[in-house]
Amino acid sequence: MKAHILQHVPFEGPARIGQWLAARGAQVSHTRFWESAALPDPAAVDLLVVMGGPMSVNDEAEFAWLAAEKRFIADVVALGRPVLGICLGAQLIASAHGARVFRNTEKEIGWFDVHACTGTKDAFEFPPTTTVLHWHGETFELPPGARMLASSAACRHQAFQLGERAIGLQFHLEMTAESLRAIIDNCRAELAPARWIQDEAAILGHAEGHFAATHALMDRLLDWLTRPHPGGG
C-alpha cells in the first residue's frame, strides 16, 4: 500500500493512523505544506489521508496551496481511491466537491458524544454513540451525493461518506497522548470558557479513558476504507 499524507502544520500529524500504516508495512509519503506544496501523481496513491490544521479552507489568499490541494483531493476521490479527511481534512473534501465551509454556531473542543445516523446503506457504520475528541470552529455542508454518518449536539455534520471510499470526520479518532499534548500546547488560546469547550485539565483527564475505543474505531474505519473491492482495487 502506498499511502500519502497531507499535513498542514507540524503539530497535527497522523498519530494512530501512522501506527496503523506501520503495522501493515505501508509505504508512506508526505506533503508537509509548511515546507513544500509539492503533490504526487494522484494515480500513484493507494490511500490519501488529509490531516487537520488551524487554517480555514477559505484562506486561499493566505495559503495559496489550498486551491491545488483541493484539486488533488478531488482527483484522488474521482479515481476511486480510499480518502480519509480529519477535521480540516474533512472540510477540504467537502470544499473540493462544491460544498460550503463556514463558521459553526459554536466552537466544539473536548470530549463529546457523536451519534450515528440511520439510513446509511452501504456506508461505514459508527457505533450508536461514541465519545470522541473535537477541536473545531467551522463546519460544512454535505457535498452533493454524500451521506451523513454521524452528528453531535453542537455540530450537525460530524462525519460523511462520499461515494464508496471517501470519508470525512470532523472529529479526531487519531489522537494519541503525544499528539493531544501537541495540539493543546499549540492551540491553548482557543480554550476559552464556553458551553462546548472543555478546559485543558478536563481534556487531558478524560483522554486515557477514551483512547482505546477511539483507536479501535480508527483502525476499523481504515480497514473498511482499504478493504478489497470486487473486481480488484
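Brief remarks on what is shown
- Within the option set H134, H115, being under 14 Å from the mean Cα position of the chain (by Cα), in a strand (DSSP E or B), closer than 19 Å to H210 by Cα and touching a residue at least 24 places away in the same chain (Cβ under 8 Å) holds for one residue only, H134.
- Total residues in the range 17-55, condition touching a residue at least 40 places away in the same chain (Cβ under 8 Å), under 23 Å from A94 (Cα atoms) and more than 12 Å from the chain's Cα centre (by Cα): 6
- Exactly one residue out of A192, A201 is surrounded by fewer than 18 Cβ atoms within 10 Å (Cβ to Cβ), in a helix (DSSP H, G or I) and not aromatic (F, W, Y): that is A201.
- Of all residues in the range 204-215, those that are within 12 Å of M175 (Cα to Cα) and surrounded by 12 or more Cβ atoms within 10 Å (Cβ to Cβ) total 7.
- Within the range 148-176, restricting attention to residues that are small (G, A, S) and under 17 Å from M51 (Cα atoms), the residue that is farthest from the chain's Cα centre (by Cα) is A166.
- Test for E178: is it outside any strand (DSSP E or B), out of contact with any Pro (no Cβ under 9 Å at 6 or more places or on another chain) and modelled with pLDDT of 95 or more: yes
One line per residue, one yes/no per condition, for (1) outside any helix (DSSP H, G or I); (2) crowded, with 17+ Cβ neighbours inside 10 Å:
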position	(1), (2)
S36	yes, no
G53	yes, yes
D59	yes, no
A74	no, yes
G85	yes, yes
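- Just one of the listed residues (V28, V9, V49) is among the aliphatic types (A, V, I, L, M) and within 16 Å of L79 (Cα to Cα), namely V49.
- Qualifying residue in the range 154-164 (condition: over 25 Å from R24 (Cα atoms), of a type in the set (A, V, I, L, M, F, W, C) and surrounded by fewer than 17 Cβ atoms within 10 Å (Cβ to Cβ)): no
- Pair list, Cβ < 6 Å and 6+ apart or interchain, from the range 168-186 residues that are crowded, with 18+ Cβ neighbours inside 10 Å to residues that are of a type in the set (V, I, T): G168/I93; L169/I86; F171/V132; L173/T214; E174/I17
- Among residues of the range 96-107, those that are within 14 Å of H157 (Cα to Cα) and either of a type outside the set (K, R) or in a strand (DSSP E or B) (or both), counted: 8
The values are calculated or read from the model by the stated rules, or taken from the named source; none is laboratory data. Everything numeric here is computed off the predicted structure, so don't read it as measured data. Here Cβ is always computed from backbone atoms with ideal geometry, including for glycine, and neighbour counts include all displayed protein chains.
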